[in-house]
Each structure stands twice: as structure tokens, then as C-alpha cells.
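Beneath this line is the structure, given in C-alpha cells, with notes to follow.
Each value in this text was obtained by applying a stated rule to the coordinates, not by laboratory testing. None of the values given here were measured: they were computed from a predicted structure. A quick note on method: Cβ atoms are made from the backbone with ideal geometry, for glycine too, and the neighbour counts reach across all protein chains shown.
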Amino acid sequence: MFPLNRNRRLRNSSSMRSLLQEYRLTPDDFITPLFIIEGKQLKEPIPSMPGYFRMSLDLIAEKVITLWKQDLKAVLLFVKVPEGLKDNEGKEALNPDGLMQRAIKTIKDAVPEMIVMTDVALDPYSSFGHDGIVEKGNVLNDPTVAVLSKMALSHAQAGADVVAPSDMMDGRVLAIRKELEAAQFHNTVIMSYSAKYASSFYGPFRDALDSAPGFGDKKTYQMDFANREEALVETQRDIEEGADIVMVKPGLAYLDIIRDLKNSIQTPIAAYQVSGEYAMLKAAAEKGWIDHDQVMLEQLLSFKRAGAQLIATYFAEEAVKHI
Ligand code: PBG
């Protein structure tokens, strides 16, 4: 009761505030997404993601050395697949010499300790731009899962530490886990995009990889953003199927979901601050309407407060310069 309690006493100096700070950002919080293309010495700007680039493997090798020096210890790989290699079944995804498989090896050669995480989904490989095999306008579940489990194994064989299924098919975590165990990959981590919403925040990412759905939307597999309780069901099922880390995506508009999960499960939670969130902050800052660095740090810290242990973010490199 006032004046026995004065809340402002504990905010009275910067040292006092620092001593009592509940959450802190460190480089260990971050996963850096990388967009990879074929070619040499290529660094292509992505118009809807200012300051972010698609890079060829030689430049990716240099990039991971820089990231490692900044104490960033995890990268999440996405590849842009040449149009001629796309088909309905995503056959190229299983090519042991495909761009993803070469990227994993290139990064592991450059920085062996770097944690290499890979996106497991068919959309960059799909002639329809969908995360699964299409038949008569439907995205098929079980045939897609069969391809995804082989794709995950192929990433593990190339040296991936973590496979990250982002497709939202049912049963894919169990299928991937069985495939990995059968091939003696007991220590390959599955980071499952377990509560992934059908979101319009993914627009700039689809520009980056040229992976927008050719027809329809992704609402029969990604979650309805009107739903909250369903996120817990999805996530609990993924944990039962063998997920080691679960993920909520997008980030900022879904902090309630992160906190719901944090209150009910013990499995580490990752948040994905997605491309549209990055684009919004960059655009407002370009206009001079907000303080880029301060808003960036405030947003990133909010993920920790909500309960995320890891944050996949396009701001990782910029953020570590300020913490
Ligand atoms: C592919 C995938 C997407 C993202 C990550 N993995 C796009 C989608 O589901 O359409 C989005 C990431 C971002 O927007 O930053 N399955």
C-alpha cells in the first residue's frame, strides 16, 4: 500500500533497472534464416525485404563465418528452386546433390559447429506452389508425408542437425521420426512448425522464393487464425509424435499462443518472426516514422517475455549488434 510500496523505487536508475530486468536478449536466442540460390557470387536483393538477400553458396559460406563470429549459432535454410526442376511430387527435394543438400554440406564445411536447420516442405519444389502433392485441386496428406519423411532423411544424411517441417500435414512428425530412427539418425532434432497459421504475413517470403500458391490458399492445412485452443491440440500431437522443439508462426500477432503453450507444455518453444513482420518494420523506418533499432529490440524481447526459447528472425544479425 502506498507509500509503503512505491513501484517507481525499482525504476529509479538505469543500474537498478538493469539488476531487475526479467528477460534479456542474447545471441543464443536467435535463428538466422538464409535464402539460397544457384550460381556464383550472386547476392540478389528481395524488394519486399529491404536489406535481405538471396545468396549463392560461395557467399553463403562467407556469411555463416560472419554469423559465427557474431555468436549466432543457428541458421535455417530455404532454397529457391529453378523453375525447370519443379514438379507436383517435389522429386528434386530428394536429390542428394540438390541445392539444399549442397548448402548443408557447404555450411558444415565452413563452420562445423554451426547448427544447421532445414525447411522441410514441398512448396519451393512444387509446380503448384503448395506444401504437398496436388490431385484435383486438393493437397494430399499421406502421399505428401511419405515424400517429406524421405526429404528430412536426405537432409540428415547431408549433415543437418535439425529438420524443420513447415508443411502442416498430419502425421508428418511421426513419419519423419520413424524414418530417422530407422536410418540410425537418433540425434537429429525435429523442430516442428506445430502452430502455423494460414497468414498473409508470409507474402514477402513467397516473393523471395517465388513460392506463392499457384491456385487457392493454404487454409486446408495451415491453421485458421481465429483459433486459439486448436494450437495446443496441434502442438501436443506433434510432441507425442516426436517433436523436440515446437514452433509458433507468425510471431508478433500470436504472442498469446506462445504464452498458452508455455503455460501447458515443457518442450522448448520457438517463435518465427516472419517476413511480413520484417517488411512492416523496415517500411515504417524508411519513412522515418519509428525508431528502427528500438522497435526491433522491443519486438524481439516480447517473444522472450511470451515464453519463446528461440526466435527465428531476419533481424538476428542487426539485433546482436545492439545487445
Ligand atoms: C514454407 C514456409 C513458408 C514460410 C516458412 N516456410 C511460407 C508458407 O508457408 O507459405 C514463411 C516464412 C516467412 O514468411 O518469413 N512452407
Inset, instruction - Quick one: go through segment 225-249 and flag any residue whose amide nitrogen is under 12 Å from the point 7 Å out along the Cα-to-Cβ line of Ser264. - result: 228-238
Legend entry - DSSP beta bridge pairing in the chain, given as percent antiparallel to the nearest 5: 15
Legend entry - Over the chain: helical MRE at 222 nm, DSSP H runs n ≥ 4 each giving -39500 (n - 2.57), nearest 500: -11000 deg cm²/dmol
Inset, instruction - Among Ala283, Ala231, Ile257, pick out the residue whose Cα is farthest towards the positive end of the charge dipole of segment 222-304, where Lys and Arg carry +1 and Asp and Glu carry -1 on C-beta, about the Cα centre. - result: Ala283
Inset, instruction - Report, to the nearest 10°, how far helix 99-110 tilts away from the longest principal axis of the Cα atoms in the chain, using its own Cα long axis and a range of 0 to 90°. - result: 50
Legend entry - Long-range tail of P(r) for segment 23-320 (Cα pairs > 23 Å, %): 52
Legend entry - Relative contact order %, the chain, counting alpha carbon pairs below 8 Å whose residues are six or more apart: 18
Inset, instruction - Round to the nearest 10 and give me the degree value, 0 to 90, for the angle of helix 229-240's Cα axis relative to the longest principal axis of the chain. - result: 60
Legend entry - Student exercise, the chain dipole from Lys, Arg, Asp, Glu Cβ charges, in Debye to nearest 20: 1200
Legend entry - Subset of Lys91/Lys219; Lys219/Lys249; Lys219/Lys304; Lys196/Lys304; Lys73/Lys150 violating a 22 Å alpha-carbon distance limit: Lys91/Lys219; Lys219/Lys304; Lys73/Lys150
Inset, instruction - Excluding residues on the same chain fewer than 8 positions from Lys108, give the aspartates and glutamates whose Cα lies under 17 Å from its Cα. - result: Asp58, Glu62, Asp71, Asp97, Asp119, Asp161
Legend entry - Nearest-ten-degree value, helix 142-158 long axis tilted from longest Cα axis of the chain: 80
